[in-house]
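**Student:** Take a look at this one; I'll ask things after.
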Amino acid sequence: MIGPRRGVSEAPLIKVVAAVAVVLLAVTLFMYSAYNATSASYKGLQARYSSLNSSYGSAISSYITLEGKYSSLSTAASSLNATALLSAAYAHWNGVAIENVSSIMSEYSPGASLHWIGGPLNGNYIGTANITAAWAKFTGMHEYILWYASAPPTASVDGPSAVVKAPLQYLVLPFPSSMSAAPAVDMLLNVNETLGYGYNATTSSWRITNETWQITKMSLTLNRSAPGYGALYYNKSLAG
């Protein structure tokens, strides 16, 4: 005989389902919270990126402006350096003309070199002692010396180094000697001059590091004298 069946209790199953639901809800809330946090971080990073990008653009603009100012200042400095260089070169040539060896030598740096091409002083003179002796001999050979540039001298600057070039002519009157008896004949010395300079930071000035004098001597009887003054003008003036 079959008796009545007992009902199966649903309480444990409901508890399991409820527990699972709670877990799923917790996971969902956690993920939602994490998403919100990540989204907020992303928006924050995006804002920072936008700010940095704007700052970068401003920095680039400032750099371009500063680069333009630097270029202008560099051009101005080069111009000032070129002016200072030409002043130093003129002082050097004037020192030769007035035959002042001390003035001439004040333009050189220690260890400088003088390359003399042509004429009785042809040779290489290294060091201030040898250069002093060369200029003393040159000035001692002439009663007077005049000079001019047959074309404007040029100056180029490259950092602490620079070069001045000039086509010069020196009008010289040698002292009478056994080889050149009186009356002495005035001569024109065509000089292709190249002056190499180095900047001396201690004295804030340019000093000659190397010099090349390339000389071609000619008599004033040749009509190759200063612009506007022919050889006859010189000969007449000197004869009078």
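The values are calculated or read from the model by the stated rules, or taken from the named source; none is laboratory data. Every value quoted in this text rests on a predicted model; they were computed, and no experiment measured them. Reconstructed Cβ throughout: ideal geometry from the backbone, glycine too, with neighbour counts over all protein chains shown.
**Student:** Has segment 121-135 got any residue that is under 23 Å from residue 206 (Cβ atoms) and at pLDDT below 95? Walk me through how you get there before you give the answer.
**Tutor:** In the first step, residues of segment 121-135 are kept if they are under 23 Å from residue 206 (Cβ atoms); the result is 124-132, 134-135.
Applying the additional criterion that residues be at pLDDT below 95 yields none.
Scanning segment 121-135 turns up no residue that is under 23 Å from residue 206 (Cβ atoms) and at pLDDT below 95.
**Student:** Given the structure, is residue 184 modelled with pLDDT of 90 or more, surrounded by 13 or more Cβ atoms within 10 Å (Cβ to Cβ) and more than 33 Å from the chain's Cα centre (by Cα)?
**Tutor:** Details: modelled with pLDDT of 90 or more: no; surrounded by 13 or more Cβ atoms within 10 Å (Cβ to Cβ): yes; more than 33 Å from the chain's Cα centre (by Cα): yes.
Taking the combined requirement at face value, the residue does not satisfy it.
**Student:** What number goes with the only condition from (1) in a loop (DSSP other than H, G, I, E, B); (2) at pLDDT below 85 that residue 232 does not pass?
**Tutor:** Single failed check for residue 232: (1).
**Student:** Tell me, yes or no, whether segment 135-157 has at least one residue that is outside any strand (DSSP E or B), surrounded by 14 or more Cβ atoms within 10 Å (Cβ to Cβ) and β-branched (Val, Ile, Thr).
**Tutor:** yes
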